[in-house]
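Undergrad: For reference, the structure I am asking about is given below.
The values are calculated or read from the model by the stated rules, or taken from the named source; none is laboratory data. Remember, it's a predicted structure, so these values are computed and weren't measured experimentally. In this analysis, Cβ positions are derived from the backbone assuming ideal geometry, glycine residues included, and neighbour counts consider all displayed protein chains. The protein model used for the area step is the full one, side chains on, heavy atoms only, and it has no ligands, DNA or RNA in it. Shrake-Rupley method; radii C 1.70, N 1.55, O 1.52, S 1.80 Å.
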Amino acid sequence: MKRHALAALLCGLGLAGCATMDDGAAEKRLVEILKRDFHEKGIAKLDRLDQDAVQQSCTKFNNNPPHGGPGGIDRLEAEQMAAIKWPADGKFIGDWKNGEKLAQDGRGMTWTDKAGAPAGGNCYNCHQLAPKELSFGTIGPSLYHYGKSRGNSPEVQKYTFGKIFNAKAYNLCTNMPRFGYHGVLTEAQIKDLVALLLDPASPVNN
Amino acid sequence: MRFRRVIGQSLMAALLCAAVPLACAQDGAATKEEKDATIQEIERYREMIADGNPAELYELRGEEMWKTPRGPKKATLQGCDLGLGPGVVKGAYAKLPRFFADTGKVQDLESRLVSCMVNLQGMNEAEVIARPFGQDAYKSDLEALVAYVVGQSKGVTIAPPLEHAKEKEAYALGKRMFLYRAGPYDFSCATCHSENGRRIRLQDLPNLTTHIGASRAYATWPAYRVSQGEFRSMQWRMNDCFRQQRFPEPGYGSEVVTALISYLAQMASGSPYEGPGIKR
């Protein structure tokens with residue numbers, strides 16, 4: 001009884017994980033059912049159903065994992081940060097005009113997309129960017145005046161590149177996909193998106 | 001075809017406005033004229049709906065199919081038990097998904113229709129579910145049957161049972177699936193459907209973790225989808241969500257999809273069913 005009370009208290013205070021043994025068994029059962037009930041189609045293969053450590057932790061703790069431990073925020077964010085491939089030429093800024101086209105493009109990675117076809121950035125699906133585009137989503141924050149309000153320093157450039165490459169390195173359970181980490185976008189494409197956000201000439205900052 | 005095109009063009013704009021009124025204004029600080037125009041568009045849309053939902057054409061086709069002897073056994077579907085007894089269609093959809101003793105499974109409308117076509121009419125299951133969704137010239141029998149059956153629950157309170165152990169199991173599995181993050185974009189259902197007032201582009205996203213949000217979605221699906229010129233079933237809705245989630249494809253009428261539908265139906269329980277709906 002005492003131990004249960006302590007666990008409940010720690011769990012309530014957010015000091016320890018709240019998942020139980022039953023949870024683990026139910027999760028395992030779900031994965032078995034998924035593997036049985038889904039089939040591959042086009043480029044979408046069954047291995048997509050397997051969770052990596054980040055997906056597993058965020059699912060298990062309902063997007064609010066503890067900081068410590070192997071499945072905790074601290075270790076996983078550090079691992080994700082270490083997996084970012086920074087540009088070899090040390091440059092983060094590409095062409096904002098290409099960036100705008102990419103931001104508009106919502107294609108990529110579905111079973112109706114062709115293998116090898118370049119994916120878009122999907123940005124307007126979730127964010128406001130250039131003010132003339134009225135058809136923008138609201139799952140993510142508005143990025144209008146992103147560069148104007150943050151400046152264009154090397155630190156901001158690096159952070160912005162890293163965030164698009166692997167948003168989970170900065171905020172483990174963010175809704176935002178890991179565009180570089182999962183190979184959705186190339187380094188050059190990410191640079192173009194950084195330019196869209198930071199170039200003083202970009203419509204995002206005007 | 002002409003009907004589809006005309007309806008498609010005029011309804012698309014109106015539906016977008018109806019779904020997201022603010023989206024039709026030029027910016028956050030919409031002028032009075034713009035707001036009036038938006039309200040007029042919504043009114044126009046409501047009138048069009050009152051004039052008739054193209055889903056009715058599918059309902060009629062489905063009803064005829066229901067009553068016509070088909071399959072190797074040359075039987076109608078009038079002996080099909082949708083949960084309220086053989087042949088009872090009125091109000092049956094509002095009480096689904098539910099556990100069926102004869103199959104030993106929790107079934108949604110579509111997997112139940114497949115069971116009836118196989119068991120009563122002698123059809124081959126693999127053939128029945130080979131092409132469950134209509135496209136272009138191809139029209140799906142299942143979608144028409146769905147249109148007919150859901151139309152017979154219009155105005156009926158959504159109240160699927162949650163008593164049998166397997167019904168509870170399906171609900172719990174669906175809830176768990178809703179939160180499962182995976183794939184190249186790390187998406188779960190909850191990524192897009194667990195907060196109020198969110199949208200993708202101009203498409204508003206129901207918060208399916210609330211009774212109101214789930215009701216809004218569940219009560220108006222299945223629906224005629226104007227942009228596709230097709231009537232779409234709940235299994236289709238789940239299928240296309242998984243496509244956009246960047247997952248592989250779920251089996252038609254499979255346990256995991258039925259479980260998700262069970263979860264949504266329970267979340268919407270107590271609200272009147274208003275379908276078949278009409279969507280952009």
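Undergrad: Using a 1.4 Å probe and counting only protein heavy atoms, how much accessible surface gets buried when B and A come together, both sides summed, in Å² to the nearest 100?
TA: The buried area between B and A, both sides summed, comes to about 4000 Å².
Undergrad: Something else about it: At a Förster distance of 22 Å, what's the computed FRET efficiency of B:Q135 paired with A:S135, Cβ-Cβ distance as r, to 0.05? Write down the numbers at each step before the final one.
TA: Details: r = 26 Å, r/R0 = 1.18.
In this case the efficiency is close to 0.25.
Undergrad: Moving on to the next point. Per residue, how large is the accessible surface of the stretch A:96-205? Use a 1.4 angstrom probe and give square angstrom.
TA: Heavy-atom accessible area per residue stands at 41 Å².
Undergrad: Could you list which residues have their amide H under 5 Å from that of B:R70, counting only those 5 or more apart in sequence or on another chain, with H placed in the peptide plane?
TA: So B:R70 has HN proximity to B:A75, B:T76.
Undergrad: Just name one of B:V149, B:P161, B:L264: the one whose Cα is farthest towards the positive end of the charge dipole of the protein assembly as shown (beta-carbon charges, Lys/Arg +1, Asp/Glu -1).
TA: B:P161
Undergrad: Among all the aspartates and glutamates, which ones have a C-alpha under 14 Å from A:K85's C-alpha, if same-chain residues fewer than 8 places away are not counted?
TA: Straight-line reach from A:K85, under 14 Å: A:E187.
Undergrad: Just the Cα atoms of the stretch B:210-272, one point each, no solvent: what log10 I(q)/I(0) does Debye give at q = 0.16, 0.23, 0.24, 0.27 Å⁻¹?
TA: The computed values of log10 I(q)/I(0) come out as -0.56, -1.05, -1.10, -1.20.
Undergrad: Kindly provide log₁₀ I(q)/I(0) values, in the same order as q = 0.08, 0.11, 0.17, 0.18 Å⁻¹, from the Debye equation applied to equal alpha-carbon scatterers of the stretch B:55-279.
TA: -0.26, -0.51, -1.29, -1.46
Undergrad: Oh, and also: How much net charge surrounds B:A190 when only other residues with a Cβ under 12 Å from its Cβ are counted (Lys, Arg +1; Asp, Glu -1)?
TA: +2
Undergrad: In Å², and per residue, what accessible area does the stretch B:238-277 have when probed at 1.4 Å with the other protein chains present?
TA: On the way: 900 Å² over 40 residues.
About 22 Å² of surface per residue is accessible.
Undergrad: Please name whichever of B:P184, A:T138, B:N53 sits farthest to the positive end of the charge dipole of the protein assembly as shown, dipole taken about the Cα centre and charges placed at Cβ: Lys and Arg +1, Asp and Glu -1.
TA: B:P184
Undergrad: Next up: Whole Å is fine, so just give me how far the alpha carbon centre of the stretch A:27-53 lies from that of the stretch B:157-180.
TA: A separation of 21 Å, based on Cα centres.
Undergrad: Please find, in a Gaussian network model of chain A (springs between Cα atoms separated by less than 10 Å), the residue of A:D50, A:D105, A:D74 whose mean-square fluctuation is greatest.
TA: A:D50
Undergrad: Give me the distance between the Cα centres of the stretch A:162-204 and the stretch B:104-119, rounded to whole Å.
TA: Between the Cα centre of the stretch A:162-204 and that of the stretch B:104-119, the gap is 46 Å.
Undergrad: Within the P(r) computed for the protein assembly as shown, what percentage of the Cα pairs occupies the region above 31 Å? Each step should come with its number before you reach the end.
TA: Values: 58829 of 117855 pairs.
In whole percent, the long-distance tail amounts to 50.
Undergrad: Among A:G180, A:G68, A:G147, whose mean-square fluctuation peaks in a Gaussian network model of chain A (Cα, cutoff 10 Å)?
TA: Result for chain A, Cα springs under 10 Å: A:G68 fluctuates most.
Undergrad: Further, regarding this structure: Pick out, in residue order, every one of the GluC sites (Glu not before Pro) in the stretch B:138-229 that is DSSP loop and has at most 11 other C-beta atoms within 10 Å; say none if there are none. Present the calculation step by step, with values, prior to reporting the outcome.
TA: On the way: sites: B:E143, B:E163, B:E167, B:E169, B:E195; in loops: B:E163, B:E195.
Loop-located and lightly packed - B:E163.
Undergrad: Which of the listed residues, A:L129, A:G162, A:G116, is farthest toward the dipole's positive end in the stretch A:96-205, when Lys, Arg count +1 and Asp, Glu count -1 at the beta-carbon?
TA: A:G162
Undergrad: Once amide H atoms are placed 1.01 Å from N in the peptide plane, what residues at a sequence separation of 5 or more from B:F231, or on another chain, have their amide H within under 5 Å of its amide H?
TA: Amide H neighbours of B:F231, under 5 Å, 5+ apart: B:R225.
Undergrad: Could you work out the Kirkwood radius for chain A, taking every pair of different alpha carbons, averaging 1/r and inverting it, reported in Å? Please list the in-between numbers first.
TA: Details: mean 1/r = 0.0524 Å⁻¹.
Result for chain A, one decimal place: 19.1 Å.
Undergrad: While we're here: For the stretch A:96-205, take the alpha-carbon Rg, divide it by the Kirkwood Rh, and send me Rg/Rh.
TA: 0.94
Undergrad: How high is the relative contact order of the stretch A:96-205? Use alpha-carbon pairs under 8 Å, at least six apart in sequence, and give a whole percent. Mind dumping the intermediate values first?
TA: Numbers: 183 pairs, mean separation 35.8, N = 110.
Averaging sequence separation for qualifying contacts and normalising by length gives 33 percent for the stretch A:96-205.
Undergrad: State the three equivalent ellipsoid semi-axes of the stretch B:241-280, derived from the C-alpha gyration tensor as the square roots of 5 times its eigenvalues, in descending order and whole Å.
TA: Values: eigenvalues 99, 46, 16 Å².
The three semi-axes for the stretch B:241-280 are 22, 15, 9 Å.
Undergrad: May I pose another question? Listed here are the pairs A:K35/B:K105; A:K35/A:K114; A:K60/A:K163; A:K35/B:K74; which of them are more than 28 Å apart at the Cα?
TA: Where the Cα-Cα span goes over 28 Å, the pairs concerned are A:K35/B:K74.
Undergrad: I would also like to ask the following. At A:K35 and B:A159, where each label point lies 7 Å from the Cα along Cα→Cβ, what is the point-to-point distance in nanometres?
TA: 4.2 nm
Undergrad: Here's a follow-up. Mind checking A:112-120 for the average number of partner chain beta-carbons within 10 Å of each residue's beta-carbon?
TA: The mean count of partner-chain Cβ atoms within 10 Å per residue comes to 1.
Undergrad: Straight-line reach from B:K67: which lysines have a Cα under 17 Å away, not including same-chain ones fewer than 8 places off?
TA: In chain and number order, the partners are B:K90.
Undergrad: To continue, here is another question. So for chain A, averaging the separation of alpha carbon pairs under 8 Å that are six or more residues apart and normalising by length, what relative contact order in percent results?
TA: Averaging sequence separation for qualifying contacts and normalising by length gives 22 percent for chain A.
Undergrad: Separate question: Charges only on Cβ, +1 for Lys and Arg, -1 for Asp and Glu: so what's the dipole of the stretch B:55-279 about the Cα centre, in debye to the nearest 20?
TA: Once rounded to the nearest 20, the dipole reads 280 debye.
Undergrad: Quick query: amide H of B:F100 versus all other amide H atoms, modeled in the peptide plane; which residues come in under 5 Å with a sequence gap of 5 or more or a different chain?
TA: Correct list: B:K105, B:V106, B:Q107.
Undergrad: Leaving out ligands, DNA and RNA, and with a 1.4 Å probe, what % of the accessible surface on chain A is carbon or sulfur?
TA: Accessible surface attributable to carbon and sulfur in chain A totals 58 percent.
Undergrad: Tally Lys/Arg at +1 and Asp/Glu at -1 over every other residue whose Cβ is under 11 Å from the Cβ of A:E79; what's the total?
TA: So the environment of A:E79 carries a net charge of -1.
Undergrad: Charges only on Cβ, +1 for Lys and Arg, -1 for Asp and Glu: so what's the dipole of the protein assembly as shown about the Cα centre, in debye to the nearest 20?
TA: Charge dipole, the protein assembly as shown, about its Cα centre: 200 debye, nearest 20.
Undergrad: Next question, about the same structure. Students sometimes get this wrong: rank B:C116, B:C241, B:C192 by accessible area, probe 1.4 Å, all chains present, largest first.
TA: Largest accessible area first, the residues go B:C241, B:C192, B:C116.
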